[in-house]
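Read-outs throughout are calculated quantities, based only on the coordinates presented, and are distinct from any laboratory measurement. Only a predicted model underlies this, so the values are computations on that prediction, with no experimental measurement involved. For neighbour counting, all protein chains shown are included, and Cβ atoms are generated from backbone atoms with ideal geometry for every residue, glycine included.
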Amino acid sequence: MNVTAIDWAIIAAFFVVSLLIGLFTSKKAGSSAKEFFLSGRNMPWWLLGVSMVATTFSADTPNLVTDIVRKNGVAGNWAWWAFLLTGMLTVFVYAKLWRRSEVTTDLEFYELRYSGKGAAFLRAFRAIYLGVFFNVVIMATVSLAAIKIGGVMLGLSPVETLLIASVVTVVYSSLGGLKGVLLTDFFQFFIAMIGAFGAAYYILDLPEIGSLQNLLTHENVADKLDFIPDFQDPNVYVPLFILPIAIQWWATWYPGAEPGGGGYIAQRMLSAKDERNAIGATLFFNIAHYALRPWPWIIIALSSLIIFPNISDMQAAFPDVAVDKLGDDLGYPAMLTFLPTGLLGIVLASLIAAVMSTLSTHLNWGSSYIVNDFYLRFIKPEAEDKELVAVGRISTVVLMVLSAFLALALSSALDAFNILLQIGAGTGLIFILRWFWWRINAYTEISAMAISFVVAIFFEVINPKVNWIMIPENQAYLKLVYSVSITTVGWLLVTFLTRPEKDEVLLSFYRKVYPAAYGWKKVLDRYPEEKQTVGSLPKEIGLMLVGSIMVYAALFATGFWIYGEVLGGVIATVVALAGGIIIIKSWKNLR
C-alpha cells in the first residue's frame with residue numbers, strides 16, 4: 001500500500017487528540033475511585049449512548065461481519081442481530097433498575113441481591129474471571145483485528161501493531177478514567193462512521209465492481225443477499241436463524257449483549273445522571289448498533305467476494321501475512337487497501353479509533369472489577385481513593401499486556417466469538433430472572449457458571465477426542481442447544497435444593513430497586529406492611545417488542561433500498577416510523 005504523508009498526518013492528528021483528551025480529564029479522574037470508574041454519576045444519555053456504540057464499533061466487528069457474510073451470506077448476521085432482543089429488554093426493563101441500585105459495578109450487585117459467603121465468592125471470583133480472564137480474551141480478539149489490519153494495510157508485524165495501538169490506549173485510559181474514555185469515544189465514533197461509509201462508497205466504484213447494481217447481480221454475491229436463510233435446509237436455517245432468535249439471545253452471556261444488562265453497558269447506565277438518561281443511552285445504542293452501522297460493512301464484505309473470492313486469493317495478494325492469520329475475516333482490511341490518499345488516512349484512523357475505543361472501555365471496565373470488587377472488597381477495605389486510582393492504573397497496563405500476548409496466539413475472530421458464546425450458554429436466563437424472582441440465590445449463579453464452563457470444555461475440547469456424543473459436522477449448533485439445556489436444568493435443580501436468601505436480604509433489595517412484584521409475592525405476602533409495586537412490566541415488555549420491530553424494520557428498510565426493492569423499502573420504513581412514534585408517545589411514562 002502507498003500510505004502517503006497526508007495519510008500519516010491524519011493518523012498522527014487522531015493520536016494527538018486522543019492523548020490530549022486523556023490529559024485534559026486526568027486531574028479530575030484521579031480525584032476519587034468513583035470519578036475514575038463512574039465519572040461522578042453525572043453523564044448525559046447522548047454521551048453514554050455514543051460511547052456504547054463506539055465501544056461495540058470494534059475493529060474486530062467489521063472483520064467478524066465479513067467472515068459471517070463470506071461464509072453464510074447476509075442472513076448469517078442473525079448470530080448477532082438476535083441480541084437486539086436482549087438489548088431492548090435492557091432499555092425498557094433493566095436500565096432504570098440498574099440506575100436505582102446505585103452500585104459502582106455490576107458485580108457489587110451480588111452483595112446487594114444475595115448474602116453470605118456465596119455472594120462474596122461470586123463477587124470475588126467473577127471480578128477475576130470476568131475482569132481478567134474473560135476480559136483479556138475479548139481484548140485479544142480486538143487486538144487480533146488490529147494485527148490483521150496493520151499487517152495488510154501498513155505492512156507492520158504483529159508486535160509493532162500491538163505496541164503502537166496499546167501504548168496510546170493505555171496512556172489515555174489510565175490517565176482519564178471513564179470520562180476520558182467517554183469523551184474519546186465520542187470523538188472516535190464520528191471518525192469511525194465517516195471511515196466506514198466513505199470506504200463502502202469508494203469501493204463500489206472500483207473498476208472490478210463498477211456499481212452497486214453490478215455488485216448485487218454478480219454470481220459470487222447474488223446468492224448471499226437474503227435477509228432470512230433458506231428454509232429448505234434445516235442445517236442452514238436452524239443455526240443461522242432459529243437458534244439465535246429462539247434461544248441464543250436470552251440463554252447466553254456475551255459482553256455488550258448481556259441478558260438483563262451488565263458489564264460495560266451496566267457501567268454506562270450506572271454513570272448516568274438519572275433513570276431517564278440511562279434508558280435514553282441504551283435506546284440510542286441499540287438503534288445505532290443494529291440499524292445504522294451494519295450496511296457499510298456488509299457492502300464491503302460482499303465486494304470482497306468479487307475481488308478475493310477465496311482465501312488463497314488473499315494469500316497471494318498479501319504473502320507477508322502469517323498463514324495462521326489468514327481467514328475470511330481478512331477480507332475487510334484487504335478491501336481497504338484499494339482506498340485513495342486522504343480517504344485511506346481517514347479509514348486507517350477510523351480503524352485505529354475502533355480498536356482503541358473498545359480496548360479503552362474494556363481496560364477501564366476490567367480494572368473497575370479488580371479495584372472495586374477484589375482489591376477494595378477483599379484485599380484492603382481501608383484503601384484511600386488515591387491508592388485505588390493507582391491500582392486501577394496499574395491493572396490497566398497489566399490487562400493490556402496480557403491481551404497482547406494472547407492476541408499473538410489467536411487466528412480467527414469468529415472462532416473466539418463462538419467459544420465465548422459456548423462458555424456463557426445457559427446462564428443468561430438467570431440474569432433476566434434474578435431481579436424478578438425471589439427464589440434465585442447465590443448458589444444458582446455459582447452452579448450455572450461452573451456447569452456452563454465444564455460443558456463448554458467438554459464440547460470444545462474433550463468430546464472431539466472421545467466422541468461420546470455424536471454431533472455431525474453440519475449440526476455443530478447442537479452443542480449450544482445441549483449446553484443451554486444442561487446448564488439450565490442444572491441451575492434450576494440447585495436453586496430448589498438450596499435455601500433461599502434470608503427475608504431481610506430480599507426485602508432490602510426489593511426496597512432499593514422496586515422491581516415488579518409478581519415474582520416477589522410469596523415473600524411480600526409475609527409482610528403485609530410492605531408496598532407491593534406491580535409497576536408497568538407488561539407495558540415495558542410490549543415496548544421491548546415494539547422497539548425490536550422498529551429497529552429490525554429500519555435495518556431491513558435500508559437493505560431493501562440498497563437492493564432497489566421499493567415496495568419492501570416503503571413497507572419497512574413505514575413500520576420503523578410507526579414504532580418510533582409509539583416509543584416517543586410512551587417516553588414520558590418510562591420510569
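Select from region 334-388 those GluC sites (Glu not before Pro) which occupy a DSSP coil region and have at most 13 other Cβ atoms within 10 Å, ordered by residue number.
Answer in residue order: Glu382, Glu384.
Rank-order 101-111, 81-91 by packing density, defined as the average count of other C-beta atoms within 10 Å over each peptide's residues, highest first.
Listed from highest to lowest mean packing, they are 81-91, 101-111.
Give the total of Lys-Lys pairs in region 423-565 with Cα-Cα distances below 19 Å; include a pair only if its members are 8 or more places apart or on different chains.
Lysine pairs, 8 or more places apart or on different chains, close enough: 10.
Compute the helix-to-body angle for 413-423: its Cα long axis versus the longest principal axis of the chain, expressed 0 to 90° and rounded to tens.
So the inclination is approximately 20 degrees.
Just to be sure I understand the curve: with the Debye formula and one point per C-alpha of region 5-411, what is log10 I(q)/I(0) at q = 0.09, 0.13 Å⁻¹?
One equal scatterer on each Cα of region 5-411 leads to -0.53, -1.10.
Just the Cα atoms of region 536-591, one point each, no solvent: what log10 I(q)/I(0) does Debye give at q = 0.21, 0.22, 0.24, 0.29 Å⁻¹?
The calculated log intensity ratios at q = 0.21, 0.22, 0.24, 0.29 Å⁻¹ are -0.71, -0.75, -0.83, -1.04.
So what's the gap between the Cα centers of region 137-158 and region 63-89, to the nearest angstrom?
Taking the Cα centre of region 63-89 as reference, the centre of region 137-158 is 22 Å away.
Please work out how much length the chain gains when fully extended from Ile469 to Leu23, using 0.36 nm per residue of separation minus the C-alpha to C-alpha distance, in nm with one decimal.
Here the segment from Ile469 to Leu23 would lengthen by 155.0 nm.
Relative contact order of region 477-583: what whole-number percent is it, with Cα pairs under 8 angstrom and at least 6 residues apart?
Taking the mean separation of contacting Cα pairs over the length of region 477-583, I get 19 percent.
Which whole-Hz ³J(HN,Hα) couplings does region 237-253 yield from phi under the Karplus relation 6.51 cos²θ - 1.76 cosθ + 1.60, θ = phi - 60°, glycine and proline marked x?
Couplings: 6, 5, x, 7, 10, 4, 4, x, 7, 9, 10, 4, 5, 9, 9, 10, 10 Hz.
So for the chain, averaging the separation of alpha carbon pairs under 8 Å that are six or more residues apart and normalising by length, what relative contact order in percent results?
Relative contact order comes out at 27 percent.
For Gly327, list long-range residues whose amide hydrogen, built 1.01 Å from N in the peptide plane, is under 5 Å from its own amide hydrogen.
Here the answer is none, since no amide H 5 or more places off falls under 5 Å of that of Gly327.
Once phi is turned into θ = phi - 60°, what whole-Hz ³J(HN,Hα) does the Karplus curve with 6.51, -1.76 and 1.60 give for every residue of region 276-283, x standing for Gly and Pro?
Going residue by residue, I get 5, 5, 5, 5, x, 5, 6, 5 Hz, with x marking Gly and Pro.
Mind ordering 285-298, 258-271, 227-240 by average Cβ neighbours within 10 Å, highest first?
Peptide ranking by packing, descending: 258-271, 285-298, 227-240.
Please turn the phi angles of region 128-138 into ³J(HN,Hα) values with the Karplus equation 6.51 cos²θ - 1.76 cosθ + 1.60 (θ = phi - 60°), one per residue in order, whole Hz, x for glycine and proline.
7, 4, 7, x, 10, 5, 5, 5, 5, 4, 4
What residues have an amide H closer than 5 Å to that of Lys273, excluding those fewer than 5 places away on the same chain, when H is modeled at 1.01 Å from N in the peptide plane?
Met43
Can you list the residues, at least 5 places off or on another chain, whose amide H is less than 5 Å from the amide H of Phe83, using H built in the peptide plane?
none
Can you figure out the FRET efficiency of Leu497 with Lys521, using R₀ = 25 Å and their beta-carbon distance, to the nearest 0.05?
That gives a FRET efficiency of 0.65.
Counting only pairs 8 or more places apart or on different chains, how many lysine pairs in region 5-411 have C-alpha atoms closer than 15 Å?
The number of close lysine pairs in region 5-411 is 11.
What is the helix-to-structure angle for 343-368, meaning the angle in degrees between its Cα long axis and the longest Cα principal axis of the chain, kept from 0 to 90 and rounded to the nearest 10?
Orientation of helix 343-368: about 20 degrees from the principal axis.
Using 7 Å Cα-to-Cβ label points, what is the Glu565/Ser508 separation (nm, one decimal)?
5.5
How many angstrom separate the Cα center of region 248-285 from the Cα center of region 558-577?
29
Relative to the longest principal axis of the chain, what angle (0 to 90°, nearest 10) does the C-alpha long axis of helix 442-457 take?
Computed tilt is about 30 degrees.
For the ranges 18-26, 201-209, what's the packing order if you count other beta-carbon atoms within 10 Å of each residue, average per peptide, and put the highest first?
The most tightly packed comes first, giving 18-26, 201-209.
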